[in-house]
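Have a look at the structure below, then the notes.
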Amino acid sequence: MSLRPDDHRRKWDRSQYERLAQDRIRGQKAEKEDEDAPISRELLKRRDYKVDLDSKLGKSVVISKTTPTSQTGGYYCNVCDCVVKDSINFLDHINGKKHQRNLGMSMKVERSSLDQVKERFQKNKKKMEEKQKDYELESKVREAKEEEERYKEYKREKRKDRKRKAEEEADDADSKATSDIAAIMGFAGFGGSKKNN
């Protein structure tokens, strides 16, 4: 403050306000450093649950004004608290950046090492060999059943052939006996439509 009586203007203490300004600048720098510090988010990983897309398929739901959003029509995301109307958009949403961020994940994927890749190849190779063994076993069982069916069919045909031959022999014996009887009696035949020699 000045000592002059005609000086009615208010005087400010510059050093005090400079100190306050410096403190504010230091506080802003500290906040900015806190904001710039990276938020540690988990790397993107595979879902460990099956996405339920068809449980409400073909069902009717009555919706009123008091119905909670989770029970209205469409697919409800409880992580983001939103409703998506169709399955394609719901899949896009749950695979999207906003949903993954709400789950606490970044959109970065863990890089695999050479050993991990080799191990995965070994697992897949073992699975393929097991499938091949299962397929070979199934094909052998199927071939054995087919062979058994062919053998049964062959046996049936043999039986039918034997029956047919036995019937033909019986018919030949009957016709020979009748022709002998007719010859003894002096007839050429008994008047049937068949002509025998």
> Hey, any hits in region 107-116 for a residue that's of a type outside the set (K, R), over 26 Å from the mean Cα position of the chain (by Cα) and not in a loop (DSSP other than H, G, I, E, B)?
Replying inline: yes
>> Which residue is farthest from R41 (Cα to Cα), if the candidates are limited to region 110-138 and must be of a type in the set (A, V, I, L, M) and open to solvent by 100 Å² or more (accessible area, probe 1.4 Å)?
In response: L137
>> Looking at region 78-115 only, could you name the residues that are in contact with a helix residue (DSSP H, G or I) (Cβ under 9 Å, 6 or more places away or on another chain) and among the β-branched types (V, I, T)?
In response: V79, V83, V84, I94
>> With the structure loaded, tell me whether S139 is touching a Leu at 6+ places or on another chain (Cβ under 6 Å) and of a type outside the set (K, R) or whether it fails that test.
In response: no
>> Report every pair of residues separated by at least 6 positions or lying on different chains whose Cβ atoms are under 7 Å apart, first residue within region 69-93 and free of Cβ contacts under 8 Å to residues at least 40 places away in the same chain and at positive phi, second open to solvent by 80 Å² or more (accessible area, probe 1.4 Å) and part of a loop (DSSP other than H, G, I, E, B).
In response: G74/K85
> Quick check, is S15 of a type outside the set (F, W, Y), modelled with pLDDT of 90 or more and loosely packed, with under 10 Cβ neighbours inside 10 Å?
Replying inline: yes
> Pick from A188, A177: which is modelled with pLDDT under 95 and part of a helix (DSSP H, G or I)?
Replying inline: A177
>> Take Y151 and tell me if it is more than 30 Å from V51 (Cβ to Cβ), open to solvent by 100 Å² or more (accessible area, probe 1.4 Å), over 37 Å from the mean Cα position of the chain (by Cα) and of a type in the set (F, W, Y).
In response: yes
>> Can you list residue pairs whose Cβ atoms sit under 6 Å apart, with the first residue in region 100-122 being free of Cβ contacts under 8 Å to residues at least 24 places away in the same chain and the second being surrounded by 10 or more Cβ atoms within 10 Å (Cβ to Cβ)? Count only pairs 6 or more apart in sequence or on different chains.
In response: N102/V79; N102/C80
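The values are calculated or read from the model by the stated rules, or taken from the named source; none is laboratory data. Keep in mind that this is a model prediction, so the values were computed, not measured. Counting neighbours? That spans all protein chains shown, and the Cβs are built from the backbone with ideal geometry, glycine included. With ligands, DNA and RNA removed, areas are computed over all heavy atoms of the protein, side chains included. Shrake-Rupley method; radii C 1.70, N 1.55, O 1.52, S 1.80 Å.
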